[in-house]
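A short write-up of the structure that comes next.
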Amino acid sequence: AAKRSGGGWVVYDPDVHGDGEDALRTAEDLRRALVAGELVLHYQPQVRVCDGALTGVEALVRWQHPELGLLPPARFLPVAEDHGLIGQVTGAVLAQAVAQAAAWRRQGLDLRVSVNVSATDLLDTGLARELGALLLGHGVPASRLVLEVTETELVRDTERASQVLAELADLGVATSIDDFGTGWSSLAQLHRMRFSELKLDRSFTQHLLTDPRAAAITASTVDLAHALGLRVVAEGVEDPQTLARLADLQCDESQGYWHAPPMPAGALLGWTSTTREG
Ligand code: C2E
Ligand code: CA
Ligand code: CA
Ligand code: CA
């Protein structure tokens, strides 16, 4: 027996059959969850390295599952990709993130909001048009939205992805190259596409103090990014010593547990009032 998986036929394998059933159940459950509005966003602060000011947040999706509790993206995004649901997930995430950005603006908080998009989303030629309508509807300037794309994913269909990225740039939406340094064509991606931000992968951040090679790569990456006019955000910053080192290296922004974990939108206002005082 064979079953269809993704776009190709795979030979039946009793060892993976269990997982396949599980994924199928998850996919059906996820379809229901999308309609029921069970996907929620948590937001993690990004702060300016030189003065600690809050400049933006990264929206990170979670599934508030009625029986299983709060599920991390790793538990359901692969299934969403495999079952053609990632576009719907991205749509739901973008709608919530832009609505939240508008709500914060009404409360006097002018934040950049970053959203993760998958490479599959960049093959959707309707993305820029739909996003334009969404931003207009909420009165959020396009420049306040950042789309993060993981660099390893960009290599799949570069032509079409470049086209969609160009349309997003025309719209005024900012783009960020995520997990920078982990792919095998980082420089080619930087050359080919016009990003506004580079996110240094936490595998570098977390070895900054102990590994001179990680420090050298970080220093050069910051210089390279600045030469190209990109802002550099370091991810996975977990201690003040690393933050100080990032300041030495002229890194622009910092994100990680040292500042704050991802949190529900309602908690963010409280967080800003505790950190901005004094
Ligand atoms: P990412 O884009 O690299 O997001 C950063 C991940 O690192 C988040 O995990 C975040 O909670 C975690 N993190 C934050 N600060 C620290 C730190 O100081 N130390 C460590 N060790 N980790 C930290 P999360 O929320 O589980 O997300 C995992 C991945 O799932 C994300 O990695 C992203 O690739 C993907 N993802 C999340 N939300 C979305 C979404 O809405 N759409 C898509 N397509 N992908 C998403
Ligand atoms: Ca990201
Ligand atoms: Ca990342
Ligand atoms: Ca990642």
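The values are calculated or read from the model by the stated rules, or taken from the named source; none is laboratory data. Note that the structure is a prediction, hence the values are computed from the model and not measured. Cβ atoms come from the backbone with ideal geometry, glycine included; neighbour counts cover every protein chain shown. Note: areas computed on protein heavy atoms with side chains; ligands, DNA, RNA excluded. Shrake-Rupley method; radii C 1.70, N 1.55, O 1.52, S 1.80 Å.
For the chain, what is the mean residue ellipticity at 222 nm derived from helices alone (per DSSP H run of n ≥ 4: -39500 (n - 2.57); sum divided by total residues; nearest 500 deg cm²/dmol)? Mind dumping the intermediate values first?
On the way: 10 runs with 124 residues, N = 278.
Calculated mean residue ellipticity at 222 nm is -14000 deg cm²/dmol.
In whole Hz and in residue order, list the ³J(HN,Hα) couplings for region 132-144 that follow from phi through the Karplus curve 6.51 cos²θ - 1.76 cosθ + 1.60, θ = phi - 60°; x for Gly and Pro.
My calculation for region 132-144 gives x, 5, 4, 5, 4, x, 9, x, 9, x, 4, 5, 8 Hz in order.
Amide H of E148: which non-local residues (sequence gap of 5 or more, or other chain) have their own amide H closer than 5 Å, using H built in the peptide plane?
Correct list: V115, N116, V117, S176.
What's the longest bit of the chain with no exposed trypsin sites (Lys or Arg not before Pro), using DSSP loop states and at most 16 other Cβ atoms within 10 Å as the test? Intermediate results must be reported in sequence, preceding the final value.
Working: sites that count: R156, R194.
That would be 1-155.
What is the local net charge at Q96, summed over the other residues whose Cβ is closer than 13 Å to its Cβ (Lys, Arg +1; Asp, Glu -1)? Display every interim value, and only then the final one.
Details: positive: R62; negative: E38.
Summing Lys and Arg as +1 and Asp and Glu as -1 gives 0.
Collect residues whose amide H, placed 1.01 Å from N in the peptide plane, falls under 5 Å from the amide H of R194; neighbours closer than 5 in sequence don't count.
none
I'd like the antiparallel share, as a percent to the nearest 5, of DSSP beta bridges with both residues in the chain.
Values: 20 of 43 bridges.
That works out to approximately 45 percent antiparallel.
Out of all Cα-Cα pairs in the chain, roughly what percent, to the nearest whole number, are more than 31 Å apart?
On the way: 11691 of 38503 pairs.
Of the Cα pairs, 30 percent sit more than 31 Å apart.
For the full complex of protein chains and a 1.4 angstrom probe, list L24, L136 by accessible area with the highest value first.
Working: L24 85, L136 145 Å².
Heavy-atom accessible area, descending, gives L136, L24.
Within a Cβ distance under 10 Å of T125, other residues only, what is the Lys/Arg minus Asp/Glu net charge? Before the final figure, lay out each step's value.
Values: positive: R129, R160; negative: D124, E167.
After counting each charged neighbour, the total is 0.
Output wanted: per-residue J couplings in Hz (rounded whole) for region 162-176, from phi through Karplus 6.51 cos²θ - 1.76 cosθ + 1.60, θ = phi - 60°, x for Gly and Pro.
Working through the residues one at a time gives 4, 4, 5, 4, 5, 5, 5, 5, 4, 5, x, 6, 8, 10, 10 Hz.
Go through 162-175, 114-127 and give me the packing order, highest mean Cβ count within 10 Å leading.
Details: 162-175: 17.6, 114-127: 19.4.
Packing order, densest peptide first, comes out as 114-127, 162-175.
Would you mind checking the radius of gyration and Dmax of region 155-278 based on alpha-carbon positions, in Å?
In order Rg, Dmax, the Cα atoms of region 155-278 give 16.1, 50 Å.
Expressed as a whole percentage, what fraction of the accessible surface of the chain belongs to carbon and sulfur atoms when a 1.4 Å probe is rolled over the protein heavy atoms? Write down the numbers at each step before the final one.
Working: 7260 of 13740 Å².
Looking at the chain in its full context, I get 53 percent from C and S.
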